[in-house]
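Colleague: Would you mind keeping the following structure in view while I ask a few things?
The values are calculated or read from the model by the stated rules, or taken from the named source; none is laboratory data. Since the model is a prediction, treat every value here as computed from it, not as a measurement. Counting neighbours? That spans all protein chains shown, and the Cβs are built from the backbone with ideal geometry, glycine included. Calculation scope for accessible area: heavy atoms of the full protein, side chains included, ligands and nucleic acids excluded. Shrake-Rupley method; radii C 1.70, N 1.55, O 1.52, S 1.80 Å.
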Amino acid sequence: MTNPLSSPSRPLPFDRIRPEHIEPAVLAAIEQAQARLDQIAGQAEPLTYENTFGVLDAHAEELGVAMGIVEHLESVASNDELRAAHNRVLPAVSAYWSSITLHEGLYRTLKRFAESAAAQALTGTRARYVRKTIEDFQRSGAELDPAGKEKLQALDQQLSQLTTEFSQNVLDGTAAWELFVDEARLVGLPETARTSARESAEARGREGYRLSLAAPTVVAVLTFADDRGLREELWKAFNRRGLEKGDNLGLVARILQLRQEKARLLGFADFADLATSDRMAHSGAEAREFIADLTARTEAAFHEEGRSLLAFRQQLEGANAPELAPWDVGYYAEKQRRALYDFDEEALRPYFSAPSVLRGAFALAEELYGVRIEDTELPVWHESVRAHRIVEANGRELGVFYTDLYPRESKRDGAWMHGLIAAVPPESHVALFCSNAQPPTKEKPSLMSFRDVETVFHEFGHLLHHCLSTVDVKSLSCTRVAQDFVELPSQILENWCSQKEALDRFAHHYQTGATIPPELVERLLAARHFRAASAQMRQLGFAAVDLALHSEYEPSRDGDVNAYANRVLARYTPTALPDDYALIASFGHLFSHPIGYAAGYYSYKWAEVLDADAFSRFRNEGLFNPQVGRAFRESVLARGDSADPLDLFREFMGRNPELAALLERQGLAAAE
């Protein structure tokens, strides 16, 4: 029987892939890719772009697709057999990717062509690819001596294994935790959350209600549960997920050590400098200065919000009410928001059924970017997954993609977009996006929170960046851009979720079809600035601890890594943190991938400056202005990394980015 992972055909055969297919397909793909590298290394004169960099650009396409599918399935349909097969091939895959830039014959051939007259005559994307590739080889150790190259490969293999173990520990810890309670402990929770908990218990043959560490459950309990003990129990469990099924703090310490060794081996002072060397922020210091600047602009308003929340609690419970604990903040903030704005965010859920939200995101892309999005039937990995096509106005297929919106025990938490195939037009792209919204119940469709809606638009923005790419060099196409630029296409799409004109197009009551009442939209918009400084400081705290761990942390001086991280975070948290708080033990953005967002979490805020500024053009010239949409598509979405990201931004806006739009959107401009 043919192995479906060996040169997988379209549509991708998700329904036929089994754990036993993984090892032979991946190892064969590695062998095939290696042969192509050796072909470049031994290429006879004359050297051309096509027989050097052209081959390099597409040499590992089969490996990339096969391993992308495996990694995806391990994230959304994990089981013991699949995980074991994934883990068996991971060392070989990691060794292969890290070996590319250490292949002496390959580097000599590429460098020889890069220095030739033919290379100097290249322009546009190909010239950029040649230059960036040589820089990447140098940054990745191509000019190290043999001993240095061997050490670098060993470091990369260890990082791949340790970060995979970290991710699996979080998944296992999340899946293993459950709490069965009676209805009395759920007083205050919305009906949707109670129904979901009851059906979860029924599915396990139990009476009562089952709580898990799935994000919708945790958010619902911490925001609405009157039972303070329940809030505390769930908060502590959620923030120790990487410690119940493994020692993720030990892994973090080792990962940081290996990253630092890698950076110094490659001639950088620290991993933050290595990670930012090819980004818009060109050094760890520049990233830290950016975070420090925003922190200074936000801190006064943040402390005022903290005082206001405590005063509100004291109004409710008396002047002797205790200081707020971490598991109190969301609960009392929700009560304060309702009191200030007469706004209950749960009142929005009936207007945000998952099918309507998806259709709203799709319709926005259709109007702005001149495409058509259709449902289609394709093999999928779970019955709740849906498949779709993006079609150009002339009928040409630009891409196919999948949406996976609901939590499962075998699926990791969070939300993400995964580009499975980056194609060169006219071939179409393949991608998917996942979230973990409240699942449908027996009586109701999935009814999303407002944050869930923003998440869908966010991930769909990433997907559009992937599927609308027209770049003819795969390595510079789609979302393969500077990490502090990649969030612009995703974050900008969130802006439409807060515009009444946009909401009226898709936010319809799942029973009556009515749009959100004007007064509820007004209260939503009025409440947008509520605790904006606290939300911003939370993100800045994540960025600050990331940069500190990857540039300043020294174990012999700073001691235990978790205690150090908590000291950094203390400036950014609205309450004192318990001693056993262990955010970094489940901080997958930093530690679930050899690189991931390590020394790059700041990029969310960096890109937020870009997206707020870029959205101001839509706000000024028309939210659904197809000319502005076309300009954004042509200047940003279609261009990948074919030009400097700052140049692409300037092309769309006609100037450099400015901070004012972000502070204005947050209501913090007056607080500076």
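Colleague: Taking region 76-109 as the search range and keeping residues that are of a type in the set (Lys, Arg) and open to solvent by 60 Å² or more (accessible area, probe 1.4 Å), which one is farthest from Glu31 (Cα to Cα)?
Modeller: By that ranking, first place goes to Arg108.
Colleague: If you don't mind, there's one more thing I want to ask. Mind telling me which of the residues Ala347, Ala263 ends up being of a type in the set (A, V, I, L, M, F, W, C) and modelled with pLDDT under 95? Break it down stepwise before answering.
Modeller: Numbers: Ala263 fails: modelled with pLDDT under 95.
Residue meeting the stated conditions: Ala347.
Colleague: Just to be sure before I move on: is Ala281 of a type outside the set (Ser, Thr, Tyr), over 29 Å from Trp606 (Cβ atoms) and either in a loop (DSSP other than H, G, I, E, B) or in contact with a strand residue (DSSP E or B) (Cβ under 8 Å, 6 or more places away or on another chain) (or both) in the structure I sent?
Modeller: Details: of a type outside the set (Ser, Thr, Tyr): yes; over 29 Å from Trp606 (Cβ atoms): no; either in a loop (DSSP other than H, G, I, E, B) or in contact with a strand residue (DSSP E or B) (Cβ under 8 Å, 6 or more places away or on another chain) (or both): yes.
No: the conditions fail for Ala281.
Colleague: Also, I was wondering about something else. Can you tell me how many residues in region 253-296 are aromatic (Phe, Trp, Tyr) and open to solvent by 30 Å² or more (accessible area, probe 1.4 Å)?
Modeller: Matching residues across region 253-296 total 2.
Colleague: Scan region 76-87 and tell me whether some residue there is more than 24 Å from Ala35 (Cα to Cα), in contact with a strand residue (DSSP E or B) (Cβ under 7 Å, 6 or more places away or on another chain) and either in a helix (DSSP H, G or I) or acidic (Asp, Glu) (or both).
Modeller: Yes, some residue in region 76-87 is more than 24 Å from Ala35 (Cα to Cα), in contact with a strand residue (DSSP E or B) (Cβ under 7 Å, 6 or more places away or on another chain) and either in a helix (DSSP H, G or I) or acidic (Asp, Glu) (or both).
Colleague: Moving to a separate point now. Of the residues Ser642, Ser635, Ser616, only one is closer than 30 Å to Gly124 by Cβ, of a type in the set (Ser, Thr, Tyr) and not in a helix (DSSP H, G or I); which? Even if it seems obvious, please write down each step before you answer.
Modeller: Numbers: Ser635 fails: not in a helix (DSSP H, G or I); Ser616 fails: not in a helix (DSSP H, G or I).
Criteria check complete, one pass: Ser642.
Colleague: Examine region 389-401 for a residue that is basic (Lys, Arg), part of a loop (DSSP other than H, G, I, E, B), open to solvent by 40 Å² or more (accessible area, probe 1.4 Å) and out of contact with any strand residue (DSSP E or B) (no Cβ under 8 Å at 6 or more places or on another chain), and state whether such a residue exists. Talk me through it step by step, then tell me what you get.
Modeller: Taking region 389-401 as the starting set, the residues that turn out to be basic (Lys, Arg) are 389, 396.
Checking the rest, the ones that are also part of a loop (DSSP other than H, G, I, E, B) come to 396.
This time we only want the ones that are open to solvent by 40 Å² or more (accessible area, probe 1.4 Å), so: 396.
Then drop every residue that is not out of contact with any strand residue (DSSP E or B) (no Cβ under 8 Å at 6 or more places or on another chain), which leaves 396.
There is at least one residue in region 389-401 that is basic (Lys, Arg), part of a loop (DSSP other than H, G, I, E, B), open to solvent by 40 Å² or more (accessible area, probe 1.4 Å) and out of contact with any strand residue (DSSP E or B) (no Cβ under 8 Å at 6 or more places or on another chain).
Colleague: Now for a different question. In region 471-502, how many residues are over 17 Å from Ala631 (Cα atoms), β-branched (Val, Ile, Thr) and open to solvent by less than 20 Å² (accessible area, probe 1.4 Å)?
Modeller: So the answer is 2.
Colleague: Among Ile40, Ile17, Ile30, Ile69, which is the only one that is of a type outside the set (S, T, N, Q), within 12 Å of Leu106 (Cα to Cα) and crowded, with 19+ Cβ neighbours inside 10 Å? Show your work before the answer.
Modeller: Values: Ile17 fails: within 12 Å of Leu106 (Cα to Cα); Ile30 fails: within 12 Å of Leu106 (Cα to Cα); Ile69 fails: within 12 Å of Leu106 (Cα to Cα).
It is Ile40.
Colleague: Would you call Arg240 in contact (Cβ under 8 Å) with a residue 12 or more places away in the chain, touching a strand residue (DSSP E or B) at 6+ places or on another chain (Cβ under 8 Å) and either closer than 19 Å to Arg451 by Cβ or surrounded by fewer than 22 Cβ atoms within 10 Å (Cβ to Cβ) (or both)? I'd like the intermediate steps shown before the answer.
Modeller: Details: in contact (Cβ under 8 Å) with a residue 12 or more places away in the chain: yes; touching a strand residue (DSSP E or B) at 6+ places or on another chain (Cβ under 8 Å): no; either closer than 19 Å to Arg451 by Cβ or surrounded by fewer than 22 Cβ atoms within 10 Å (Cβ to Cβ) (or both): yes.
In short, no.
Colleague: Further question: Name the pairs: first residue in region 317-333 and free of Cβ contacts under 8 Å to residues at least 24 places away in the same chain and outside any helix (DSSP H, G or I), second residue of a type in the set (Ser, Thr, Tyr) and open to solvent by less than 70 Å² (accessible area, probe 1.4 Å), Cβ to Cβ under 9 Å, at least 6 apart or on different chains?
Modeller: none
Quick grid of which residues meet (1) touching a Phe, Trp or Tyr at 6+ places or on another chain (Cβ under 6 Å); (2) among the basic types (Lys, Arg); (3) in contact (Cβ under 8 Å) with a residue 24 or more places away in the chain:
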residue	(1), (2), (3)
Ala598	no, no, yes
Tyr604	no, no, yes
Phe624	no, no, yes
Arg639	no, yes, yes
Pro645	yes, no, yes
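Colleague: For the structure I just gave you, tell me whether Leu468 is open to solvent by less than 20 Å² (accessible area, probe 1.4 Å) and in contact with a Lys or Arg (Cβ under 7 Å, 6 or more places away or on another chain).
Modeller: Values: open to solvent by less than 20 Å² (accessible area, probe 1.4 Å): yes; in contact with a Lys or Arg (Cβ under 7 Å, 6 or more places away or on another chain): yes.
For Leu468, the condition - open to solvent by less than 20 Å² (accessible area, probe 1.4 Å) and in contact with a Lys or Arg (Cβ under 7 Å, 6 or more places away or on another chain) - is met.
Colleague: Residues being farther than 22 Å from Glu409 by Cβ and either within 18 Å of the chain's Cα centre (by Cα) or part of a loop (DSSP other than H, G, I, E, B) (or both): count how many of those fall in region 422-447. Talk me through it step by step, then tell me what you get.
Modeller: Looking only at region 422-447, we keep the residues that are farther than 22 Å from Glu409 by Cβ, and these are 422-431, 443.
Cutting the leftovers down to either within 18 Å of the chain's Cα centre (by Cα) or part of a loop (DSSP other than H, G, I, E, B) (or both) gives us 422-428, 430-431, 443.
Matching residues across region 422-447 total 10.
Colleague: Follow-up. Yes or no: region 356-375 includes at least one residue that is open to solvent by less than 10 Å² (accessible area, probe 1.4 Å), outside any strand (DSSP E or B), modelled with pLDDT of 95 or more and closer than 22 Å to Ala193 by Cα.
Modeller: yes
Colleague: For region 511-520, check the following and say yes or no: at least one residue is at positive phi and more than 21 Å from the chain's Cα centre (by Cα).
Modeller: In the first step, residues of region 511-520 are kept if they are at positive phi; the result is 513.
When the remaining residues are screened for being more than 21 Å from the chain's Cα centre (by Cα), the result is 513.
Yes, region 511-520 contains a residue that is at positive phi and more than 21 Å from the chain's Cα centre (by Cα).
Colleague: Okay, next question. Could you tell me how many of the residues in region 1-59 are outside any helix (DSSP H, G or I), closer than 22 Å to Arg128 by Cα and among the hydrophobic types (A, V, I, L, M, F, W, C)?
Modeller: Residues meeting the conditions: 1.
Colleague: If Val65 passes every condition in (1) touching a strand residue (DSSP E or B) at 6+ places or on another chain (Cβ under 7 Å); (2) outside any helix (DSSP H, G or I) but one, which one does it miss?
Modeller: The one condition Val65 does not meet is (2).
Colleague: Could you identify the single residue in Ala301, Ala253 that is assigned to a helix (DSSP H, G or I), closer than 24 Å to Ile595 by Cβ and among the hydrophobic types (A, V, I, L, M, F, W, C)? Even if it seems obvious, please write down each step before you answer.
Modeller: Numbers: Ala301 fails: closer than 24 Å to Ile595 by Cβ.
That would be Ala253, the only listed residue that is assigned to a helix (DSSP H, G or I), closer than 24 Å to Ile595 by Cβ and among the hydrophobic types (A, V, I, L, M, F, W, C).
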